[in-house]
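Heads up: the structure comes next, in C-alpha cells.
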Amino acid sequence: MDISIFLSRFWGSLFIILGLLTVGARFLGRIIKYTENKNITVSTGYITFLLGLATVVVHGLWVSDWRITITILGWITLFKGIEKIAFPNRINKLAQKFKNQQELWGFVIFFIGIWFFWMSFR
C-alpha cells in the first residue's frame, strides 16, 4: 500500500473518531480540562511529537496535489508536540479558546477526517 494512502486512512480514521467523540461525548471539553495538568500535557506532547515526526520522516512529499496535506499535517503535528513539551502553560491558554465551540470543532475535525479517508480511495 502506498504510504500516502496509508497515512490518509490513518489520519482520516483518527479524525473521524475524534470528531464523533467530540460531538457526541464532549471529548474536546475533557481534553481542554487535561491541559490544566502540565504532566499530562507534556506526556501527550511526546506522543504528538512522535506522530508528527513519523509522518514527516515517511511522507516528506511537497507535491501539488492532495498528498501535500498529509505532509503539512505531519509538520503541524510535529511542531504542536514540541510546543506541548516546551510550553505546556501556553497550551492551556490556547485550549481555552475552543471551550465554547466544541461542537463546531468536532464537526470540523470529523469532516477533515472524512476528506482524508475519501481521498485515500480515489
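The values are calculated or read from the model by the stated rules, or taken from the named source; none is laboratory data. Given the structure is predicted, the values throughout are model-derived calculations rather than measurements. Neighbour counts run over all protein chains shown; Cβ positions are idealised from the backbone, glycine included.
For residues in region 57-98 being closer than 12 Å to residue 41 by Cβ, of a type in the set (A, V, I, L, M) and modelled with pLDDT of 95 or more, which is surrounded by the most Cβ atoms within 10 Å (Cβ to Cβ)? Spell out how you get there, then give the answer.
Step one: filter region 57-98 for residues closer than 12 Å to residue 41 by Cβ, giving 80-81, 83-95.
Restricting the remaining residues to those that are of a type in the set (A, V, I, L, M) gives 85-86, 91, 94-95.
Checking the rest, the ones that are also modelled with pLDDT of 95 or more come to 85-86.
Details: 85: 17, 86: 11.
Restricting to residues being closer than 12 Å to residue 41 by Cβ, of a type in the set (A, V, I, L, M) and modelled with pLDDT of 95 or more, the top hit is 85.
Which residues, taken from region 25-54, are of a type in the set (Gly, Ala, Ser) and either touching a residue at least 12 places away in the same chain (Cβ under 8 Å) or under 22 Å from residue 82 (Cβ atoms) (or both)?
So in region 25-54, the residues of a type in the set (Gly, Ala, Ser) come out as 25, 29, 43, 45, 52, 54.
Those that are of a type in the set (Gly, Ala, Ser) and either touching a residue at least 12 places away in the same chain (Cβ under 8 Å) or under 22 Å from residue 82 (Cβ atoms) (or both): 29, 43, 45, 52, 54.
Among the residues of region 1-51, write down those that are of a type in the set (D, E, K, R) and over 24 Å from residue 120 (Cα atoms). Full working, then the answer.
Initially, region 1-51 is screened for residues of a type in the set (D, E, K, R), giving 2, 9, 26, 30, 33, 36, 38.
Those that are of a type in the set (D, E, K, R) and over 24 Å from residue 120 (Cα atoms): 26, 30, 33, 36, 38.
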Picked from region 1-20 (must be among the aliphatic types (A, V, I, L, M) and touching a residue at least 24 places away in the same chain (Cβ under 8 Å)), the residue surrounded by the most Cβ atoms within 10 Å (Cβ to Cβ) is 7
Assuming residue 65 fulfils every condition listed in (1) in a helix (DSSP H, G or I); (2) over 18 Å from residue 110 (Cα atoms) apart from one, which condition is it?
-> (1)
Within region 35-56, restricting attention to residues that are surrounded by fewer than 16 Cβ atoms within 10 Å (Cβ to Cβ) and of a type in the set (Gly, Ala, Ser), which residue is farthest from residue 12 (Cα to Cα)?
-> 43
